[in-house]
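The values are calculated or read from the model by the stated rules, or taken from the named source; none is laboratory data. Computed from a prediction, not measured in an experiment: that's the story for all the values here. Glycine also receives a Cβ, built like all others from the backbone with ideal geometry; neighbour counts cover every protein chain displayed.
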Amino acid sequence: MEQREVIYRHSSAVRLTHWVNALVLLVLLMSGLQIFNAHPALYLGAKSDFDSPVLAMRPMQQGDKVYGVTTVLGLDFDTTGVLGLAGDAGSGYDVRGFPWWATLPGQRNLAIGRRWHFFFAWLFLLNGLAYLLWSLGSGHFRRDLAPSGKELKHIGASISEHARLKFPKGEEAKSYNVLQKLAYLSVALILLPLMLLTGLAMSPGMDAAFPVLLDMFGGRQSARTIHFISASFIVIFVVVHLVMVLISGVWNNLRSMITGRYVIEPAGERP
Amino acid sequence: MSDKLRVDRRGFLARGLAAGSTVLLGGCEDLSDQPWVRRALNSAETLTRVTQQALLSPQALAREYAEADLSKEFKANGSTNPDDAGYKTHAANGFADWKLTVGGLVEQKLELTLAELRAMPSRTQITRHDCVEGWSCIGKWKGVPLGALLEKARLKPDARYIVFYCADDLGETGTEEGKYYESVGLADAFHEQTISPTR
């Protein structure tokens, strides 16, 4: 019978940039929602067409009742108590997009929210650059993250294994599987750089110097909308990531991202 | 020296713990109110300003749009009709007696009527207004370049910012000090597209 084997899975550079990124993205998300709350609506194009937002969160009065309504592409959803209208009838309602527990600071304060956002945007940039340069230089991308043609061909099997919550063991568990590779690459090379570029495209100064930022995303309001959608995809990624960490051996996963060491279960055995 | 170091280290640890626990408790209001947090956050503003000055040319123009791109409705924030006695008097007679005062650190204080402002060489532009709240509207403005007014008033060498005072006191006391104001640095003040709109 095979022995349990301990491998060194994550390099110190990956571990460090991972945790810095986790903290930085949390602060950016919460301060970003604070900034969003200053005008909780999204539009397409160069300017805001207030009559037809892509997304809007607002209070609506119907008779003597007030609702929090979230409009997505013209469809209204009752989101009272969470989006558009926080609080409850007892303690009083509060007109705002996202509720206090999702924003930084919790109270409405656009100026301080921007301070948090831009400070952490710098950390995000420096940490992201360090990760990208290290990953290119050390071969992390090529060795650990680039999927092979063979892996891509068998992606269907990998999806069905994941759907049945069967995770690789033995030799196969020593490297990322193809779904992990694609997920991590899309976040690191598409979503996170997209956050940076759409963020810069919202700066009037940057737009004057580099008008290509406006053309790239179809206008300043489109850039703001893409910034929001891209952030939402990152939130979805993090939720799925955390679920996978939890169900595929939480202590082993956590240890490997803290100390680097990861236990490989023998292929033939059940956990 | 070593005592001071130890205190500093302890202070640092205490601050770190306080920061950690407030973040965990979701009490980020407290954190935002800490003077050292404010200082740390402000340091990024300096980094941003220095980077922008290095990266952006002060002559770069904001994109200009066509008539067809104009916003149907230009959103106005705050008061569109300030509850101010002086403003109301001026509004009642079409601002015929109103004067723009350019004062402070200038060699030549200016007092210009609307007619005088409109007689000066002007610039007309259709540009996008990006509100700090997040929305944008495209509008058409015509007015004297602010730089021309400042040249006429001749800034003193120690002038660094231009402050604009509004008639709006945001419903506060009605005192001069309570009036809403904004400011820009000299690079923005002398930018080609910075105009003092009269239309």
- Item | Residue tally, condition in contact (Cβ under 8 Å) with a residue 24 or more places away in the chain and touching a strand residue (DSSP E or B) at 6+ places or on another chain (Cβ under 6 Å), over the range A:194-215 | 0
- Is there a residue being surrounded by 15 or more Cβ atoms within 10 Å (Cβ to Cβ), farther than 29 Å from B:A159 by Cα, among the polar types (S, T, N, Q) and in the same structural domain as B:L155 (by TED's automatic domain parsing) anywhere in the range B:63-71? yes
- Checking A:D76 against (1) buried (at least 19 other Cβ atoms within 10 Å of the Cβ); (2) part of a strand (DSSP E or B); (3) among the charged types (D, E, K, R), which test does it fail? (1)
- Is the range A:218-231 home to any residue that is of a type in the set (V, I, T) and part of a loop (DSSP other than H, G, I, E, B)? no
- Item | The lone exception for A:A86 - which of (1) at pLDDT 95 or above; (2) surrounded by 16 or more Cβ atoms within 10 Å (Cβ to Cβ); (3) of a type in the set (G, A, S) it fails | (1)
- Message: Just checking, does the range B:161-168 include any residue being under 30 Å from A:D51 (Cα atoms) and hydroxyl-bearing (S, T, Y)?
- Response: no
- Message: Of the residues A:R115, A:R143, only one is surrounded by 16 or more Cβ atoms within 10 Å (Cβ to Cβ) and among the basic types (K, R); which?
- Response: A:R115
- Task: Starting from the range B:113-127, keep only residues that are in the same structural domain as B:W98 (by TED's automatic domain parsing), then list their pairs with residues that are of a type in the set (S, T, Y) and modelled with pLDDT under 95 whose Cβ atoms are within a distance under 6 Å, requiring at least 6 positions of separation or different chains.
- Result: B:L117/B:T198; B:R118/B:T198
- Extreme residue, surrounded by the fewest Cβ atoms within 10 Å (Cβ to Cβ), among residues of the range A:23-69 that are of a type in the set (G, A, S) and more than 12 Å from chain B (Cβ to nearest Cβ): A:G63
- Note on the structure: Among the residues of the range A:110-128, the number that are facing chain B (nearest Cβ under 7 Å) and aromatic (F, W, Y) is 4
- Given the conditions (1) among the aliphatic types (A, V, I, L, M); (2) within 28 Å of A:G205 (Cα to Cα); (3) part of a strand (DSSP E or B), report the number of the one that B:A40 does not fulfil. (3)
- Working carefully through the options B:L170, B:L105, find the one that is touching a Gly at 6+ places or on another chain (Cβ under 8 Å) and touching a residue at least 12 places away in the same chain (Cβ under 8 Å). B:L170
- For residues that are touching a His at 6+ places or on another chain (Cβ under 9 Å) and outside any helix (DSSP H, G or I), scanning just the range A:190-217, find the one that is farthest from the other protein chains (Cβ to nearest Cβ). A:A201
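Just one of B:F74, B:F95 is in a loop (DSSP other than H, G, I, E, B), more than 14 Å from chain A (Cβ to nearest Cβ) and closer than 22 Å to B:T194 by Cβ; which is it?
B:F95
Which is within 14 Å of another protein chain (Cβ to nearest Cβ), loosely packed, with under 12 Cβ neighbours inside 10 Å and free of Cβ contacts under 8 Å to residues at least 24 places away in the same chain, of B:T80, B:T51?
Going through B:T80, B:T51 in turn, the sole match is B:T51.
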- Being surrounded by fewer than 20 Cβ atoms within 10 Å (Cβ to Cβ) and more than 13 Å from chain B (Cβ to nearest Cβ) is the filter here, so list the residues in the range A:219-229 that pass it. A:I229
- Somewhere in the range A:215-235, is a residue modelled with pLDDT under 95 and closer than 26 Å to B:T51 by Cβ? no
